[in-house]
Amino acid sequence: MATKDTTLRTRDRVATTVLYVVLLLGLLAVAGPFVWMALSSLKPEREIRDVPPTWWPETVTLDNFRGLFSRLDFPLYFLNSALVATLVMVGNLLFCSLVGYALAKLRYPGKRALFLAVLGMLMVPGMVTFVPQFVLVSNMGLTNTYAGLILPFLVGPFGVFLMRQFLQSIPDELIEAARVDGAGEFRIFWRVVLPLCRPALATLGILTFLASWNNFLWPLVVATTEDKYTLPVALALYSVGENERNYGLLLAGAVVVVLPVLIVFLVLQRHFLRGIATTGIK
Amino acid sequence: MADASAATAPARPAGATSPDRPAGSVRRRQRLRRALTGWAFSAPFTVLFLVSMALPVVVSLVMSFTDLRSTDLRNPLAVNVVGIDNYTRLFSDQLFLRSSVNTLVFVIAGVPLTMVLALAAATALNSGLVRFRALFRVGFYLPVVASIVALSVVWRFLLDPEVGLVNNLLRLVGIDGPNWLYDARLALPSLIVMAAWRNLGFLMVIFLAGLQAVPADLYEAATLDGATRWQQFRNVTLPMLRPTLLFGGVITGIGYLQFFEEPLVMTQGGPLSSTLSVSFHIYNQFGFGNYGYAAAGSYVLFLAIVALSVVQFRLLGERN
């Protein structure tokens with residue numbers, strides 16, 4: 001009995017070791033490039049091009065990051081990105097929770113059709129709406145404006161779906177009780193329902209902010225002058241042509257684009273994962 | 001409401017069976033009120049949704065049957081209805097056909113690769129032996145939340161033929177690494193690997209949720225029957241996970257059918273159109289000002305996605 005236990009334990013230990021090795025190699029392959037990016041952004045351009053490469057920077061320098069200020073206007077792009085992402089987030093939180101409440105808890109004609117339209121929209125590829133959206137925005141004279149950058153993203157089918165799913169779990173009795181107490185419909189929504197939605201709002205807020213922060217194609221075609229560039233657009237446009245292999249500056253720029261998102265993600269990761277668990281959609 | 005009904009029927013004692021007219025009008029008014037409330041909550045979203053999404057979907061379809069070009073926007077009368085010309089033209093357009101093949105290769109190779117990697121990561125993390133599970137989960141998820149533009153900078157640096165880490169590592173074992181992104185045979189495979197790397201964390205989370213829903217007593221029973229770990233995986237995990245795997249496969253397939261950002265930031269569709277995708281081709285046509293033609297291309301893509309979804313529902317339906 002004792003020997004059988006020992007062999008089992010040895011086999012378990014071998015299995016565990018193999019498991020850890022595989023997982024660590026996987027982690028290295030997936031997260032390693034981020035570490036490599038951060039370390040390399042602190043090296044002078046010459047050391048970045050060393051063959052064989054240095055792992056840890058021999059000379060630590062912030063020159064690459066300084067270049068983002070002197071050769072590019074990164075603070076402005078950063079502010080543009082933050083402004084656009086914040087407004088997109090607020091729009092989604094407000095409009096999607098309002099309609100999500102109606103779809104989950106109110107009875108009115110046309111509700112089913114509205115929900116089906118929203119669900120159907122989840123399947124439409126971005127390219128279908130892309131051209132008409134661009135025509136619309138340019139006809140409204142909104143190219144190269146913040147409004148033009150924001151308008152197509154103020155609402156989204158995903159947000160409605162998420163809020164509706166969550167709101168359905170709120171007990172009807174709570175809303176009925178508030179109604180019996182004589183509270184108006186909007187007051188019920190604002191004072192009773194919305195405070196209960198905090199977890200869903202957090203998830204939706206993070207996901208929409210992030211999607212907007214990382215959004216690339218739309219600002220690439222709508223922002224036509226540098227003062228309206230968002231971070232990804234500025235970085236992408238800088239990285240073509242003569243600066244294509246100017247890795248020091250490009251890596252520093254990539255760090256600036258990714259770092260805020262990484263911090264938000266690390267602090268609030270459970271909200272990300274809940275978003276997927278609730279809806280199965282990124 | 002109570003006041004109003006009292007005013008219309010003052011003579012009726014409370015609780016009496018209500019006569020038809022006043023009760024009917026009360027009910028009608030109640031219904032109207034409910035409709036108004038519902039739409040008051042729905043209206044702001046609906047207006048924005050119609051303008052920025054539903055309308056564009058319809059406009060795109062209409063556009064696809066016209067020869068609308070960017071230069072016609074100021075003079076809409078110059079636009080002609082051309083029927084299905086755009087669609088027939090697409091299927092004789094060598095670049096569109098090339099991009100369709102590239103996209104299919106991307107889906108057919110990319111979806112299984114991403115799924116296998118994600119399933120391996122999820123199974124390993126779910127085995128109950130692993131500590132620091134949160135750390136691994138976060139690590140595998142990192143690329144999902146990072147901007148594609150930043151990822152492209154990192155990957156172009158990693159794949160640089162001279163100073164890139166990949167070729168430096170190959171040099172250590174005596175291999176002279178190729179120019180990954182500028183070789184027409186290697187560019188698409190490189191992007192497939194990059195896409196799998198970028199998306200496996202997302203699928204992993206979905207698979208983990210599926211794995212955690214598999215009842216533990218199934219494994220206990222299998223262990224008692226003397227099943228090895230591999231047999232348990234084959235005969236318990238995989239069948240129980242079938243719906244989750246199908247779901248994961250289809251959403252990944254839908255995403256990969258629209259494959260666009262990777263070539264846009266990594267290769268601009270080159271070299272020799274070897275990484276040109278359908279979405280990228282549509283985008284280029286938009287860039288050339290061929291709006292009607294681009295819209296037709298986007299609807300072909302839409303149909304492919306709908307077809308894929310229908311196949312999924314069929315497969316899931318068989319199961320249930």
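The values are calculated or read from the model by the stated rules, or taken from the named source; none is laboratory data. These numbers come from a predicted model, not from an experiment. No Cβ is skipped: glycine too gets one built from the backbone with ideal geometry, and neighbour counts run over all protein chains shown. Quick note on the areas: whole protein, heavy atoms, side chains included, nothing else; ligands and nucleic acids left out. Shrake-Rupley method; radii C 1.70, N 1.55, O 1.52, S 1.80 Å.
Of note:
- Test: A:Glu173 is assigned by TED's automatic domain parsing to the domain that holds A:Leu106, surrounded by fewer than 22 Cβ atoms within 10 Å (Cβ to Cβ) and over 21 Å from A:Leu72 (Cβ atoms): yes
- Residues considered: A:Arg112, A:Arg46, A:Arg13, A:Arg66. Of these, the only one that is modelled with pLDDT under 85 and either over 30 Å from B:Ala35 (Cβ atoms) or in the same structural domain as A:Glu176 (by TED's automatic domain parsing) (or both) is A:Arg13.
- Residue among A:Trp218, A:Trp190 that is open to solvent by less than 40 Å² (accessible area, probe 1.4 Å), among the aromatic types (Phe, Trp, Tyr) and more than 10 Å from chain B (Cβ to nearest Cβ): A:Trp218
- Selection of segment A:59-69 for residues being open to solvent by 40 Å² or more (accessible area, probe 1.4 Å) and touching a residue at least 12 places away in the same chain (Cβ under 8 Å) yields A:Thr59, A:Val60, A:Leu62, A:Asp63, A:Phe65.
- Taking first residues from segment B:214-231 that are within 19 Å of B:Ala124 (Cα to Cα) and partners that are open to solvent by 60 Å² or more (accessible area, probe 1.4 Å), the Cβ contacts under 6 Å between residues at least 6 apart in sequence or on separate chains come to B:Val214/B:Met240.
- Number of positions in segment A:235-262 that are more than 9 Å from every other protein chain (Cβ to nearest Cβ) and farther than 18 Å from A:Ile206 by Cα: 9
- Taken together, the criteria exclude B:Gly226 from residues that are more than 10 Å from chain A (Cβ to nearest Cβ) and in contact with a Pro (Cβ under 6 Å, 6 or more places away or on another chain).
- Checked against (1) touching an Asp or Glu at 6+ places or on another chain (Cβ under 7 Å); (2) closer than 15 Å to B:Pro44 by Cα; (3) of a type in the set (Ser, Thr, Tyr), A:Thr59 passes all but condition (2).
- Any hit, segment A:162-170, residues being closer than 24 Å to B:Leu257 by Cβ, open to solvent by less than 40 Å² (accessible area, probe 1.4 Å) and either within 11 Å of chain B (Cβ to nearest Cβ) or under 22 Å from the mean Cα position of the chain (by Cα) (or both): yes
- When the residues of segment B:147-182 are filtered to those that are in a loop (DSSP other than H, G, I, E, B) and open to solvent by 30 Å² or more (accessible area, probe 1.4 Å), the one that is nearest to the other protein chains (Cβ to nearest Cβ) is B:Glu162.
- Options A:Leu72, A:Leu87, A:Leu106; residue that is within 10 Å of another protein chain (Cβ to nearest Cβ), buried (at least 17 other Cβ atoms within 10 Å of the Cβ) and of a type in the set (A, V, I, L, M, F, W, C): A:Leu106
- Residue within segment B:109-118 that is touching a helix residue (DSSP H, G or I) at 6+ places or on another chain (Cβ under 9 Å) and under 30 Å from B:Phe288 (Cβ atoms) present: yes
- Flag for B:Arg98 being at negative phi and open to solvent by 50 Å² or more (accessible area, probe 1.4 Å): yes
- Meeting the requirement of 3 or more residues that are in contact with a strand residue (DSSP E or B) (Cβ under 7 Å, 6 or more places away or on another chain), open to solvent by 40 Å² or more (accessible area, probe 1.4 Å) and more than 9 Å from chain A (Cβ to nearest Cβ), no helices (runs of 4 or more DSSP H) wholly within segment B:254-319 can be named.
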